[in-house]
Amino acid sequence: MDVMQIREGATPIVHDGSRTGVLVCHAFTGSPAAVRPLAEHLVDEGFSVRAPRLPGHGTAWQDLDGTTWTDWYAELEGAYAELTERCDTVVACGLSMGATLSTLLVQRNPEIAGLVVINPVMRTKNLKFRLIPVARRLRSTVSGIGGDIKKDGVSHDAYERMPLRPLHTQAQLWHRVTRDLPQITQPVLVLRSRVDHIVAPASSQLFLSRISSTDVTDVVLENSYHVATLDNDAPRIHEAVTDFTRRVAGNA
């Protein structure tokens, strides 16, 4: 249970609009603040929107230390359940680890109409991650990896430290999700930055190579880094997610 004060902008986004819903999930060590512009744009477009705050996030890294990927996923599943109570069609959308969790949600709930992944993380060559099994025996945290934004004057209010125990469970999540990627048959929108200092291109390539979807839109973001939802290409992301959601809802 979170014990710290919730940071500014980190509160969940809850809006009841049309019978088409969009579930938006933030990234590891981040909060709804990173996806708030996208979520608010979708609200303005009339959709029902949920952007939950995952357990241990949006407060202080000490809160994150006692959580695992199953806690984060349960929060996402709960937000999805809220949308299904009022919506005929739901699209799942996520940034980075939020994209991984959203992919798992679609794997477990195949009735979801479409999936949007923004710089998804399915694997990494980052040395910090590769050393987790050893490092977690020696220390409890490492420095954070937030703030990969090209746009001047924009900051990502992610944690300055990453607890290694929940970071280790995220690696377990990657394995589970990548193993079952062929189960994804829904329309998919991939939004990936050409330059990303957090997640290597191999992650999106793995995702694209293993899904079974035939309706796949692959968009390369030329002017953003990892936290693309707060970067120069944010307007393009807003437009692409809106158009995709309308299209899959119409097809449904």
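The values are calculated or read from the model by the stated rules, or taken from the named source; none is laboratory data. Since we're looking at a predicted model, the values are computed, not measured. Here the Cβ positions follow ideal geometry from the backbone for every residue, glycine too, while neighbour counts run over all protein chains shown. Calculation scope for accessible area: heavy atoms of the full protein, side chains included, ligands and nucleic acids excluded. Shrake-Rupley method; radii C 1.70, N 1.55, O 1.52, S 1.80 Å.
What the table shows:
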quantity	calculated
Number of the condition not met by SER140 [criteria: (1) in contact with a strand residue (DSSP E or B) (Cβ under 7 Å, 6 or more places away or on another chain); (2) at pLDDT below 95; (3) buried (at least 16 other Cβ atoms within 10 Å of the Cβ)]	(3)
In the stretch 183-203, the residues that are of a type in the set (Val, Ile, Thr), surrounded by 15 or more Cβ atoms within 10 Å (Cβ to Cβ) and modelled with pLDDT of 95 or more	ILE184, VAL188, VAL190
Single residue of LEU104, LEU23 found to be within 20 Å of ILE237 (Cβ to Cβ), open to solvent by less than 40 Å² (accessible area, probe 1.4 Å) and aliphatic (A, V, I, L, M)	LEU23
Test: residue in the stretch 70-85 that is under 24 Å from GLY146 (Cα atoms), of a type in the set (Val, Ile, Thr) and surrounded by fewer than 23 Cβ atoms within 10 Å (Cβ to Cβ)	yes
Cβ pairs under 6 Å, 6+ apart, first in the stretch 49-72 and more than 30 Å from SER18 (Cα to Cα), second open to solvent by 20 Å² or more (accessible area, probe 1.4 Å) and assigned to a loop (DSSP other than H, G, I, E, B)	THR59/ASP2; THR59/MET4; THR59/ILE6; ALA60/MET4; ASP63/ASP2; ASP63/MET4; THR67/PRO55
Check on ASP157, among the acidic types (Asp, Glu) and out of contact with any strand residue (DSSP E or B) (no Cβ under 9 Å at 6 or more places or on another chain)	yes
Those residues of the stretch 155-189 which are more than 17 Å from the chain's Cα centre (by Cα), part of a loop (DSSP other than H, G, I, E, B), over 30 Å from SER212 (Cβ atoms) and touching a residue at least 24 places away in the same chain (Cβ under 8 Å), in sequence order	GLU160
Residue among ASP152, ASP148 that is at pLDDT below 95, open to solvent by 70 Å² or more (accessible area, probe 1.4 Å) and not in a helix (DSSP H, G or I)	ASP152
Near pairs, Cβ below 7 angstrom, 6+ apart or cross-chain, from the stretch 19-41 (free of Cβ contacts under 8 Å to residues at least 40 places away in the same chain) to any residue that is open to solvent by 10 Å² or more (accessible area, probe 1.4 Å) and not in a helix (DSSP H, G or I)	PRO32/THR11; PRO32/PRO12; PRO32/ILE13; PRO32/ARG53; ARG36/GLY9; ARG36/ILE13; ALA39/ILE13
When residues of the stretch 204-232 are limited to those that are of a type outside the set (A, V, I, L, M, F, W, C), under 17 Å from the mean Cα position of the chain (by Cα) and under 18 Å from GLY146 (Cα atoms), the one most open to solvent (accessible area, probe 1.4 Å)	TYR225
